[in-house]
Structures are given as C-alpha cells and as structure tokens.
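Everything below concerns the one structure shown next.
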Amino acid sequence: MPATLTDAAPALSAAQAAVVVSADALFTAEGVGSVPIERIASGAGITVADVEAAFPSRQQLVVAALRYRHREWMDGLLHAESHQQDPRDKILALFGYLETCFTDHGYRGCAFINGYGELGRVDPLIARLAGEHLGQCEQHIAMLCDAAELPAHLAPALTLLVQGAQVEAAIHGVVHPARTARTAAAMLMSVYDGADRF
C-alpha cells in the first residue's frame, strides 16, 4: 500500500535525505512539474543516477517530500506551543508560528495546498496525503481546543483561519494575514469561557 503521513517514517539513507531536502525546497519554490531532476540532483550534491536509484519514480519523491514537509510543519507547531503554559495561548501560538513562516522570503504557501492544486486532481495519492495533512492539523487544533475547554466546533473554524492565512500570505507575499487570523482567533475564543463547553 502507498505510504501515508500516518505511517512510521522509513529510515532514509544520507543520499535519500539530501534528495528530499533538495526536492522540498525546489518543489516549494517552483512546483513539482517544472523542476527537472538534474536540479534536484545538483541541490543534493549527487548525480542524477543516484537520485533515480534513491527514488525510482517522481511520485515516490513527491510523497517523500510531502512527508518531510508534514513533519517539519508539525514539529514547528509543537515547538511554538511549547513556550506557552495556558492552553489558549498555545492556540494563539499557532498564528505566531505562521507569522514566522511568512517572514521567510522563500515562503510560497502550504506544500499540501499547492500540491493538491497542481497534482491532486490527477493523482489520488497526492490528494489523499493533502487530506491527511489537513485532517491531522484539524485534529491537533481540536485537541488544543479541548485542553482549553473550548467547544469542539471551534476547531474547524480555527483551522480555516490557519489555512486561509497561508493562502493569502502566499498570494500577496505579505505577513499580516497571520496577525489578522490571530486576532480573529482571539475574538472567537473570547466568546467562550471555560464553563461554556458544549
């Protein structure tokens, strides 16, 4: 069965890891279809033959790059949250993490939104991985909402703020969508106090 985001990540050789990092950077900046394997190989510091040996098909490489990007994204969220004690502050920290991402001049949007837009309608596996990534983000936010004693239906709304901020930041090349989304999240959470769970 094809790899999913929920599978235990397979151990990568040094060459495979270098290829994945190179491919992730190029796919993020330019899209999957427009990047020739020669540039991926150059970025990894290996030969084209070595890239083809490490990942016999482009789909395998795209999947590996998406799994890498998912781990990086989730690790970044967890790190941002780790500096906060209050559960509601952990939720707001998500938007601080977004702002950090958006200040990177290489930011070109969510790899999964971009990947779905480019390949998801013709490649069911890429579509499934995009769905898994979104689902895991929503589950994580739902867990934070539960810890903050916020109603369960708030999690999908907060997820929309996260995803929408990424799209706007990518299209306009600006940082402020993270701040706007954070303000909106704070306003939504302010409607509820710890006694109003339902």
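Values in this text are rule-based calculations from the coordinates and carry no lab data. What you see is a predicted model, and the numbers here were worked out from it, not measured in a lab. Every residue, glycine among them, receives a Cβ derived from its backbone with ideal geometry; neighbour counts consider all protein chains shown.
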From the residues 124, 97, 109, which one has its Cα farthest along the dipole of the range 93-191 in the positive direction, the dipole being from +1 and -1 charges on Cβ of Lys/Arg and Asp/Glu about the Cα centre?
109
What's the Kirkwood radius of the range 54-143 in Å, using all Cα pairs?
14.3
Relative to the longest principal Cα axis of the chain, at what angle does helix 176-190 sit, 0 to 90 degrees, rounded to 10?
40
Residues meeting the amide H criterion for residue 148 (H placed from the backbone, H to H distance under 5 Å, 5 or more places apart or on another chain) are none
Note the per residue figure in Å³ for the convex hull of the C-alpha positions in the chain.
127
Relative to the chain, whose Cα atoms define the longest principal axis, helix 58-82 and its Cα axis are tilted in degrees, nearest 10, by 30
